[in-house]
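Asker: Mind looking over this structure? Questions follow.
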Amino acid sequence: AAPPFFGGMQIYFLNPPKLEMEFHGAGRLVEMKSLKPIVYSAISNALANQIVLPNRYARDMDFTDNTDLADLRNPDPTFVLRLTVVRGEHLKACDSNLFKENSSDPYVVVFLGTTRHTSSVVDQSLNPEWNFTKDFPVYDPNQLVNFKVYDKDQYSADDLIGEALDVPLMDLLEGGSEDLKEIQLKDHEGHEGCGTIFVQTSVFCFMSTEEAKANPGDIDGAFVALKAIRIRTLLDEKIEMPVKVQLAMEGADGVTRGSHGPDEINLSDDMKETIGVMLDEGRSQESILRAMNWDKAELKSEYELAIQQLRAARHPSNVQLQEELEQMRQARARMQPTFTEVVQVLIPEWTQIWAGAATAQIRLQDKKGHVLDTIDVTSSRILRAPNHELISHESLRFKNLQGKPAFTGSLRFKFYRKLDIRGCFSVASLKENAPARLAALIRDLTDEPAKFPAWVVEWMRSQRSEFKDDTTLFHDAEDENGEQLVRSLADQKEPSNVAMDRGYDAGKLKEELGYSQSCYGSSCEASSSSRPPNMAVYCRTPVRLSAVSGTGSEEKSHGERSVHVVSVMVPIFDSPKQPDWQYYLDPAHKAERWAELVEKYRQCWRLIFLCAHDKKLTKILLTDLGAGSWAQGLESESGGGAYSYAKLKSQSLEPVLAEFKDLFDILTLDCPLDEYLKELSEAELNETLIVNSWNPWTLVGHGHSPEDGVGGVLGRISPIALLCWPRTNPSIATVTVKHPMQRVPTDTSLY
């Protein structure tokens, strides 16, 4: 049976562990000064190759799900660090000279996780200028960076000039990318006086496939992942095992660990007991396979090995059985070399890849690293594949080996762009458990009526990528303010704002995140003749319906379900202090501003349908955008019917419905959203897009407890606020809507 709580497990070290070992007896020889570093280095490297990030020990504990063990062992980086070691100053001299001053021939080695890069050597200098730049994959913002500076020697081992160990990555990211960070070097004993190095850092975040296609000019590098599962063939007996698979592209390369046999089947206790009885009866392997209905199974060879394991385990002193078991394992490892591993490389020089002119080479190596055969794959072929991932079962084959063995796995591209740490995706979103930390922070500084549920904080710790990775920010290509303003508007959000009454600790928000109010107000002031961009954010979010079905012991559980929601940022008229009230309801410009408001709402409605089309949803729960208290100004200024929300909706929505009426089923909401959701089947939820209004000042669905609108309910039963906020979900993709609206003639007059 599947485990009740866990689908799998991962074990790994964030940073290479510090080893402290004592040897006794004959092992004391290891304590010799010349031998100890060699032994420690061998053990450290073995650990790093198995369980130091990005390598993880992973175990799939639920064989009924679709967990990809390779992805579980080698997940993608969180972001990319570009680090430049600019120069060194006052380095220690390691070389003595009779006729000139003592000096060194320094070079620097930088370590982050298992990634290491080495600079060139600067001859005879204690103040070298390296300007050495490399990209490093970062899997956790709490990783540590190590710097070691050596003196290059021609005829002896290189001397350590100085080192800086366990430098927190986050310390290097403080400030801007142009800031020089000064790092003091120490000797092995921790003494200073070895000199100083100066470094610069930049942070790069990954782009979605859609974002890269829409904005190729923003690309700053390419991430290439080769998932090596297995090679389907019987390899020549002359090949030295184990074999390895190497990825080489544009000067970057990476290689798997040695191959092994296919993963062995774990039989249930009942199966083991049944087979044990048949073994005691002296039945042959073929007889047992027939009795278990495994004689024609696709995994017949795996079952044969499992039976042999049980047979050998019952007779541990039988040398012949043990040898037969080992021979079966070796034969399987040669027949189907298995890796279940992902090789990852970063390529800053990405232009040839994007142009389709680069080649990724998959190299099969023997035990000694000799290349046995290769497969060449052009970047254009990968770019044409869905989501830039070329999946191979039989399509990629080695050319020269007997039988042309097939490579099973995939080749995938992701592109990354520079992240402005002073902008929307700030350094705060990279810190320890950033989603959960920021979730707790925002919840604590928000007044009680607008707090999102407490369980959301723990939920954010789970890193539920199946929800986070699909979140998409849409904006209208006709807006002049550009994508950067869109990102800033999505990022610099207030926890709560009702009629310009801010229900949160603004001072604490300023202290923690660098702002006290949303940039919506300043963006309105910056352009007095036009409004901020049209934008909407889509997410698939879990909802816990039990949260609205009672309290305490009376709470009734309806379980966790997931829903599709698009939240559209709309003008808001709940206070005369609102910039939208002051702009659109300006008496001096009534007619022209009304036409402008109708046009803006048209674009808002249209974003809903474009989102549904993009996400392949067939039904839309079309709720009113910006109605109720948000439309108070429209009703209070009605003046004999000149303004009204009903008129605004009619004039803006009807032409959009005319454009899209044949593509979607339009649903209406006639009860509170939580009650509505309880009545829908899973199939209906999976094809329905729920429309929510987004206050331009605040996080999505801030969930005031008295509010029964869509946003209020969602805010109380889901993590939607944090899924749709770039600071807690850096995976948000940005999509520019490039198709201009079909202009359908309609009345936009005020009177």
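Rundown of residues vs (1) at pLDDT 95 or above; (2) in a loop (DSSP other than H, G, I, E, B); (3) among the aromatic types (Phe, Trp, Tyr), yes/no style:
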| position | (1), (2), (3) |
| --- | --- |
| 64 | no, yes, no |
| 67 | no, yes, no |
| 77 | no, yes, no |
| 83 | yes, no, no |
| 91 | yes, yes, no |
| 101 | no, yes, no |
| 108 | yes, no, no |
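Asker: Please verify whether residue 253 is open to solvent by 10 Å² or more (accessible area, probe 1.4 Å), within 19 Å of residue 54 (Cα to Cα) and not in a loop (DSSP other than H, G, I, E, B), treating the condition exactly as stated.
Answerer: Yes, satisfied.
Asker: Looking only at the range 88-138, count every residue that is closer than 24 Å to residue 202 by Cβ and in contact with a Ser or Thr (Cβ under 6 Å, 6 or more places away or on another chain) and tell me the total.
Answerer: 9
Asker: Would the range 703-726 turn up any residue that is at pLDDT below 80 and under 30 Å from residue 586 (Cβ atoms)?
Answerer: Yes, there is a match, as at least one residue in the range 703-726 is at pLDDT below 80 and under 30 Å from residue 586 (Cβ atoms).
Asker: Could you check, for the range 228-235, whether at least one of its residues is in contact with a Lys or Arg (Cβ under 6 Å, 6 or more places away or on another chain), of a type in the set (A, V, I, L, M, F, W, C), farther than 15 Å from residue 364 by Cα and surrounded by 17 or more Cβ atoms within 10 Å (Cβ to Cβ)?
Answerer: no
Asker: Among the listed residues 300, 296, which satisfies the condition of being open to solvent by 50 Å² or more (accessible area, probe 1.4 Å), on the phi < 0 side of the Ramachandran plot and touching a Phe, Trp or Tyr at 6+ places or on another chain (Cβ under 9 Å)?
Answerer: 300
Asker: Then there's this: Hey, any hits in the range 15-38 for a residue that's outside any helix (DSSP H, G or I), modelled with pLDDT of 75 or more, open to solvent by less than 50 Å² (accessible area, probe 1.4 Å) and within 25 Å of residue 137 (Cβ to Cβ)?
Answerer: Scanning the range 15-38 turns up at least one residue that is outside any helix (DSSP H, G or I), modelled with pLDDT of 75 or more, open to solvent by less than 50 Å² (accessible area, probe 1.4 Å) and within 25 Å of residue 137 (Cβ to Cβ).
Asker: Sort out which residues of the range 318-350 are among the acidic types (Asp, Glu) and open to solvent by 50 Å² or more (accessible area, probe 1.4 Å), and write them in order of number.
Answerer: Result: 323, 324, 326, 349.
Asker: Next up: Does any residue of the range 144-155 turn out to be within 30 Å of residue 77 (Cβ to Cβ) and either modelled with pLDDT under 95 or in contact with a Ser or Thr (Cβ under 7 Å, 6 or more places away or on another chain) (or both)?
Answerer: yes
Asker: Is at least one residue of the range 333-349 in contact with a strand residue (DSSP E or B) (Cβ under 6 Å, 6 or more places away or on another chain), over 25 Å from residue 58 (Cα atoms) and part of a helix (DSSP H, G or I)?
Answerer: Checked the range 333-349: no residue is in contact with a strand residue (DSSP E or B) (Cβ under 6 Å, 6 or more places away or on another chain), over 25 Å from residue 58 (Cα atoms) and part of a helix (DSSP H, G or I).
Asker: Given the conditions (1) over 30 Å from residue 239 (Cα atoms); (2) surrounded by fewer than 20 Cβ atoms within 10 Å (Cβ to Cβ); (3) at pLDDT 80 or above; (4) touching a Gly at 6+ places or on another chain (Cβ under 9 Å), and given that residue 392 satisfies all but one, which numbered condition is not satisfied?
Answerer: (1)
Conditions (1) in a helix (DSSP H, G or I); (2) more than 36 Å from the chain's Cα centre (by Cα); (3) β-branched (Val, Ile, Thr), marked per residue:
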| position | (1), (2), (3) |
| --- | --- |
| 595 | yes, yes, no |
| 601 | yes, no, no |
| 608 | yes, no, yes |
| 613 | yes, no, no |
| 617 | no, no, no |
| 635 | yes, yes, no |
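Asker: Exactly one of these conditions fails for residue 245: (1) out of contact with any strand residue (DSSP E or B) (no Cβ under 9 Å at 6 or more places or on another chain); (2) of a type in the set (A, V, I, L, M, F, W, C); (3) buried (at least 22 other Cβ atoms within 10 Å of the Cβ). Give me its number.
Answerer: Failing condition for residue 245: (1).
Asker: Restricting to the range 654-672, and then to whatever is in a helix (DSSP H, G or I) and farther than 14 Å from residue 620 by Cα, can you tell me which residue is modelled with the lowest pLDDT?
Answerer: Per the stated criteria, the residue is 659.
Asker: Among the residues of the range 271-310, which ones are free of Cβ contacts under 8 Å to residues at least 40 places away in the same chain and polar (S, T, N, Q)?
Answerer: Scanning the range 271-310 gives 274, 284, 285, 287, 293, 301, 308.
Asker: Just checking, which of 267, 321 is modelled with pLDDT under 90 and not in a strand (DSSP E or B)?
Answerer: The match here is 267.
Asker: Oh, and also: Name the residue, out of 179, 166, 153, that is assigned to a loop (DSSP other than H, G, I, E, B) and over 20 Å from residue 86 (Cβ atoms).
Answerer: Within the list 179, 166, 153, the selection yields 153.
Asker: Among residues belonging to the range 644-653 that are at pLDDT 90 or above and of a type in the set (Gly, Ala, Ser), point out the one that is surrounded by the most Cβ atoms within 10 Å (Cβ to Cβ).
Answerer: Per the criteria, the residue is 652.
Asker: Going through 525, 480 one at a time, which residue ends up being at pLDDT below 75, in a loop (DSSP other than H, G, I, E, B) and surrounded by fewer than 21 Cβ atoms within 10 Å (Cβ to Cβ)?
Answerer: After ruling out the rest, the residue left standing is 480.
Asker: What residue, among those in the range 422-464 that are within 16 Å of the chain's Cα centre (by Cα) and among the basic types (Lys, Arg), is modelled with the lowest pLDDT?
Answerer: 431
Here's the yes/no breakdown for (1) touching a residue at least 12 places away in the same chain (Cβ under 8 Å); (2) among the β-branched types (Val, Ile, Thr); (3) open to solvent by less than 30 Å² (accessible area, probe 1.4 Å):
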| position | (1), (2), (3) |
| --- | --- |
| 141 | yes, no, yes |
| 144 | yes, no, no |
| 164 | yes, no, yes |
| 167 | yes, yes, yes |
| 183 | yes, yes, yes |
| 188 | yes, no, no |
| 191 | no, no, no |
| 202 | yes, no, yes |
| 218 | yes, no, no |
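Asker: Here's something else I'd like to know. Collect the residues in the range 362-389 that are in a helix (DSSP H, G or I), without any contact (Cβ under 8 Å) to a residue 40 or more places away in the chain and open to solvent by 30 Å² or more (accessible area, probe 1.4 Å), keeping them in residue-number order.
Answerer: 380, 381, 383, 384, 386, listed by residue number.
The values are calculated or read from the model by the stated rules, or taken from the named source; none is laboratory data. As the structure is a prediction and not an experimental result, all values here were calculated from the model. Ideal geometry is used to build each Cβ from the backbone, glycine not excepted, and the neighbour counts take in all protein chains shown. The protein model used for the area step is the full one, side chains on, heavy atoms only, and it has no ligands, DNA or RNA in it. Shrake-Rupley method; radii C 1.70, N 1.55, O 1.52, S 1.80 Å.
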